[in-house]
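Accompanying notes for the structure given below.
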Amino acid sequence: MRAVLTVVGKDKTGIIAKVSGFLAERKVNILDISQTILQDYFAMIMLVDLSGASESLSTLAEECSEMGKKIGMSIHVQHEEIFNAMHNV
Amino acid sequence: MFNTNEVLETINMVEKEHLDIRTVTMGISLMPCIAGTAEETAQKVYDEICKRAENIVKVTQDLSREYGIPIVNKRVSITPASLICAPFASKSILIGKALDRAAKQVGVDFLGGYSALVHKGMADYEREFIKSIPETLSMTDRLCSSVNVGSSKSGINMDAVALMGKIVKETAEKTADKGGYGCAKLVVFCNAVEDNPFMAGAFHGVGESGTVINVGVSGPGVVQHAIEAIPDADLSDLAEMIKRTAFKITRAGQLIAREAAKRLNAEFGIVDLSLAPTPARGDSVAAILEEMGLESVGTHGTTACLAMLNDAVKKGGVMASSRVGGLSGAFIPVSEDIGMIEAAERGSLCIDKLEAMTAVCSVGLDMIAVPGDTSAATISAIIADEAAIGMINNKTTAVRVIPAPGKKVGDEVNFGGLLGRAPIMPVHGESAEKFIKRGGLIPAPIHSNKN
């Protein structure tokens, strides 16, 4: 199963390192990354594969949200289908 | 890979604009539960609901986390209870209590369908059942009731309208300690729909299958923000923007509905895209109308704005899902919408204007508190007016008024939570008693005769 992970917040060093390390520990595979700075705000979107992951999507979503709070970023993990459904005709 | 803006747009909709799945409602047919006695039936009804809806809370929590969209309410709707209670209508309250217990056991916030469909005529058992509504609502917490008194096909059953005026009054009196709260759980319909997921008017129609998942999506805040983004657009562009937004919201609802149905071993029924406000700021239908260019909702132009909004929402919804149903449009409950509350307090929104608005929106006079001394005949007359609008315009209309005991114009009644607070609105003082006393049937309009 694939999910979209988004990280939004004030830009600083080490965000990608922190997030990707966190995912590696949980055997979540990163398929694609895009990152931009939008009006001083860091916005990163990752497409990740959970098929080998040690956690379920809902647990991962909660853990990432918690981890995000610790580093002052807002992190969401959502099933990719929600974006397909909402933005493709 | 996904477009960054699209991904962030979805997240913003949830985080800042109150996009949510307002309700996942499981419709359950209780026909197989009718047994020889009321006691036996009550037990079977309880068991059936507990079995079918056992996992509804867990499944919706999982879905909410996985898709990152809040699911606010979990609900159950059932076969109109007047049918289940028919052989022992005088003991309907027993079934009502069992339904309430079942709702609490499975953890849903409301259970709808303590209902009767009497739009053409009223059998003795239905009359008996309807008379049980006030007491049942006063003795239960999560049960919702509705009565359909008219339809475009059959006309308006004015005997039922007369009876419902009295039932609404009695319900208010029996729940006087909570400001007439029972009336917030009682809807009188014309053209009631069988697959509505929203409360208090949800029931599981007899034309539906065994177990169905219907989902209600909301997002007045999302629409408001979309309009804010194009402040100088003309109305065609505005309609287009609303349509696009409605499309996205409905798609999210459809995804959740399909997945919920799969996990709960039920059929996917419909998605109901209704802009359903909550008392929270930023989650208001009135705010959308004001964003369109009205100084206050209720002023001249309100009906036109609402007509455009309702239609654009429906068009976006229909494009997004082939299973659009329920009420799908814009709701205008007064107590549940901060913009409506404020407009009513200012005096810019009155019942007469709300009545006009109901001719073009998806429901009717909803969550309106009126003085406690409003007569049963006046409430019946309000119901008759609404039913007439529904009947002639081939649309659903509803009345959910609260004649708040002991309250008068200038007072307020507070229900808390999603039901909000309602300023007492004035009603006309002149009597309609003679009209209501006549009874009989207002015949169906000529344009309903399509066969």
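With respect to B:Asp311, is the statement that it is part of a strand (DSSP E or B) and away from chain A (no Cβ under 14 Å) true? Here the answer is no, as B:Asp311 does not meet what is asked. Please tell me if B:Val324 is surrounded by fewer than 24 Cβ atoms within 10 Å (Cβ to Cβ), touching a residue at least 24 places away in the same chain (Cβ under 8 Å) and not polar (S, T, N, Q). Considered against the rule, which asks whether it is surrounded by fewer than 24 Cβ atoms within 10 Å (Cβ to Cβ), touching a residue at least 24 places away in the same chain (Cβ under 8 Å) and not polar (S, T, N, Q), B:Val324 comes out as yes.
Here is the figure for the range B:1-36: residues that are within 14 Å of another protein chain (Cβ to nearest Cβ), closer than 30 Å to B:Pro80 by Cβ and of a type outside the set (D, E, K, R) total 1. Cβ-Cβ contacts under 7 Å between residues 6 or more apart (or on different chains), taken from a first residue in the range B:48-75 that is without any contact (Cβ under 8 Å) to a residue 12 or more places away in the chain and among the charged types (D, E, K, R) to a second residue that is surrounded by fewer than 16 Cβ atoms within 10 Å (Cβ to Cβ) and in a helix (DSSP H, G or I), are listed as B:Arg65/A:Glu62.
Against the definition (of a type outside the set (D, E, K, R), touching a strand residue (DSSP E or B) at 6+ places or on another chain (Cβ under 7 Å) and closer than 20 Å to B:Gly339 by Cβ), how does B:Ser284 come out, yes or no? No: the conditions fail for B:Ser284. The residues of the range B:172-185 that are crowded, with 22+ Cβ neighbours inside 10 Å, in a helix (DSSP H, G or I) and over 18 Å from the mean Cα position of the chain (by Cα) amount to a single one, B:Ala172.
In the condition set (1) under 30 Å from B:Ile249 (Cβ atoms); (2) surrounded by fewer than 22 Cβ atoms within 10 Å (Cβ to Cβ); (3) among the polar types (S, T, N, Q), B:Gln224 is compliant with all but (2). Reported count of residues in the range B:252-271, each being free of Cβ contacts under 8 Å to residues at least 60 places away in the same chain and either buried (at least 24 other Cβ atoms within 10 Å of the Cβ) or part of a helix (DSSP H, G or I) (or both), is 4.
Whether a residue is in contact with a strand residue (DSSP E or B) (Cβ under 8 Å, 6 or more places away or on another chain), basic (Lys, Arg) and touching a residue at least 24 places away in the same chain (Cβ under 8 Å) was assessed, and B:Lys169 passes this test.
Mind listing whichever residues of the range B:346-369 are on the phi < 0 side of the Ramachandran plot and of a type in the set (A, V, I, L, M)? Across the range B:346-369, the qualifying residues are B:Leu349, B:Ile351, B:Leu354, B:Ala356, B:Met357, B:Ala359, B:Val360, B:Val363, B:Leu365, B:Ile368, B:Ala369. Which members of the range B:49-94 meet the condition of being buried (at least 19 other Cβ atoms within 10 Å of the Cβ), more than 14 Å from every other protein chain (Cβ to nearest Cβ) and charged (D, E, K, R)? Correct list: B:Arg52, B:Lys74, B:Arg75. Filtered by the rule that a residue be within 14 Å of chain A (Cβ to nearest Cβ), more than 30 Å from B:Cys33 (Cβ to Cβ) and not in a helix (DSSP H, G or I), the range B:202-251 gives B:Val217, B:Gly219. Beta carbons closer than 9 Å, at least 6 apart along the sequence or on distinct chains, pair a first residue in the range B:232-245 that is farther than 23 Å from A:Ala85 by Cβ with a second that is assigned to a helix (DSSP H, G or I) and among the β-branched types (Val, Ile, Thr) for B:Ala233/B:Ile227; B:Leu238/B:Ile227.
In the range B:99-114, is there at least one residue being crowded, with 19+ Cβ neighbours inside 10 Å, over 22 Å from B:Pro32 (Cβ atoms) and either away from every other protein chain (no Cβ under 14 Å) or touching a Cys at 6+ places or on another chain (Cβ under 6 Å) (or both)? Yes, some residue in the range B:99-114 is crowded, with 19+ Cβ neighbours inside 10 Å, over 22 Å from B:Pro32 (Cβ atoms) and either away from every other protein chain (no Cβ under 14 Å) or touching a Cys at 6+ places or on another chain (Cβ under 6 Å) (or both).
No lab work stands behind these numbers, since they all come straight from the coordinates. What you are looking at is a predicted structure, and each value in this text was computed from that prediction instead of being measured. Virtual Cβ from ideal backbone geometry, glycine too; neighbours counted across all protein chains shown.
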